[in-house]
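Structure first, commentary second.
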Amino acid sequence: MSQPLEGTFSAEHSARLLRQYRYVVERTMRALGGWIALTPELSAKLLMGRHVWDLAQHCDAFGQRLPELRSHAQVSEAANPAVATFMDSLEDAEGPDQTVERLVGVYVVLKPHLLATYRDHLAHANPVYEPPTRRILARCIDDEERHIAAGDTILKYLAAGPRVIDRVSARRRHLDGLLAAAGGVTGAGLPMREALDVAVGQAELVGQAELSDDGREFIRLERATGAWPIPADLEKAQRSFADALVAGDDTALARLLVPGLELETTAWALLRGTSYSHHVTVAFARLGHQRLVKTRLDGPSSSATVLARWVSSPEGWRIAALDVAGRDGVRPA
């Protein structure tokens, strides 16, 4: 089939689209990079870290293409104020207990939309005089398919239980509404859903689907850290501490504090009275002569992450500081 030489897009229109893509991708790249330090789950950290680099490459490719379209290089542009509002809302999930909200925003709402938008653009870009743009879009499409599959896998792994599923649904509805109100990242409306034929694009977050290779790798690495290199005597003290947290045993907790540290002055006051049924050690680090241990508590209606700073003493390991790194209660759908 012959192709019209004039094509669908003028150089000015193509440049505007690339600036709009670059705006969203650049903000997503920066958000993922900032979230890595805030995210306690190793699998999600690895997911974000790997994809930050890809998004940086997308930004650079869009930016370098702009001068060839008679536009300034490396410039980003929001299609309209509503797109900026959507991105603001996507980025606001900064709590240590909001990993699921972060993943939903990027991998369930934004990236599938970007994938559909790129595919729609590629379908209309003239192959006679727009091969550079088409090559950039093809590379972005390949990466976004891989990103969505990996994100879907990690979200399935983390979003277990009806309480978390409700959070997923609420977050998706909120961001979907903002994205639709903006008319998508270009302001021209949302692409047809048929453009999203990536294998996991239409899968339910908690459905049964084959895990992507990236996701499997990240989950294996997270699970491999189950055997934490904690000294045996500290491990015993940590287990007693976590058991006391679950039991709500003030006396047992107080015995594990360094002399002079009162239980009432610690973050325990934020947790007292909450029902927890299970604990797991999720992080361990050495800081000079001190040891930092992070414990996740889970219960029927809430969860919390507790950070304890342990020091060795003649009486054994004792807690010198106790903080709550994050709490997660039931959130309305």
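Throughout, read-outs are computed from the coordinates displayed, never taken from laboratory work. Here the structure is a predicted model, which means the values were calculated and not measured. When we count neighbours, we look across all protein chains shown, and the Cβ atoms used for this are built from the backbone with ideal geometry, even at glycine.
Taking the chain as a Gaussian network of alpha-carbon nodes connected by springs under 10 Å, the highest mean-square fluctuation of the residues Thr274, Thr265, Thr133 belongs to Thr265. Counted by neighbouring Cβ atoms within 10 Å, the residues Leu46, Leu137 run from fewest to most as Leu46, Leu137. Taking every DSSP bridge with both residues inside the chain, close to 95 percent are antiparallel.
Paramagnetic label reach from His278 (point 7 Å along Cα→Cβ; backbone nitrogen cut-off under 19 Å): within the range 153-168, residues 154-168. Just checking the listed ones, Phe62, Phe218, Phe284: in the Gaussian network model of the chain with Cα springs under 10 Å, the one fluctuating most is Phe284. The mean of 1/r over all pairs of different alpha-carbon atoms in the chain, once inverted, gives a Kirkwood hydrodynamic radius of 22.2 Å.
Counting only GluC sites (Glu not before Pro) that DSSP places in a loop and that have at most 14 other Cβ atoms within 10 Å, the longest clean stretch of the chain runs over 95-203. Measuring between alpha carbons in the structure, the pairs from Lys236/Lys294; Lys111/Lys294; Lys45/Lys111 lying more than 24 angstrom apart are Lys111/Lys294. Using a basic spin-label model with each label point 7 Å from the Cα along Cα→Cβ, how many nm lie between Arg286 and Asp249? Result for the modelled spin labels: 3.0 nm. Look at Arg139, Arg27 and count the other Cβ atoms within 10 Å of each Cβ; fewest to most, that gives Arg139, Arg27. Taking a point 7 Å out from the Cα of Ser240 in the direction of its Cβ, the residues of the range 256-298 whose backbone N falls within less than 14 Å of it are 256-259. This ranking places Ile319, Ile36 by how few other beta-carbon atoms lie within 10 Å of each, fewest first, which gives Ile36, Ile319. Helices in the chain that qualify as membrane-span-like (whole DSSP H runs, Cα extent of at least 18 Å along the helix axis, mean Kyte-Doolittle hydropathy of 0.0 or higher) are 232-247. Taking only Cα atoms and a 10 Å spring cutoff, compute GNM fluctuations for the chain and point out the largest among Pro81, Pro112, Pro300. Comparing Pro81, Pro112, Pro300 in the GNM, the peak value goes to Pro81. Annotation for Ala84 and Gln57: the two label points, set 7 Å from Cα along the Cα-Cβ direction, are 3.1 nm apart.
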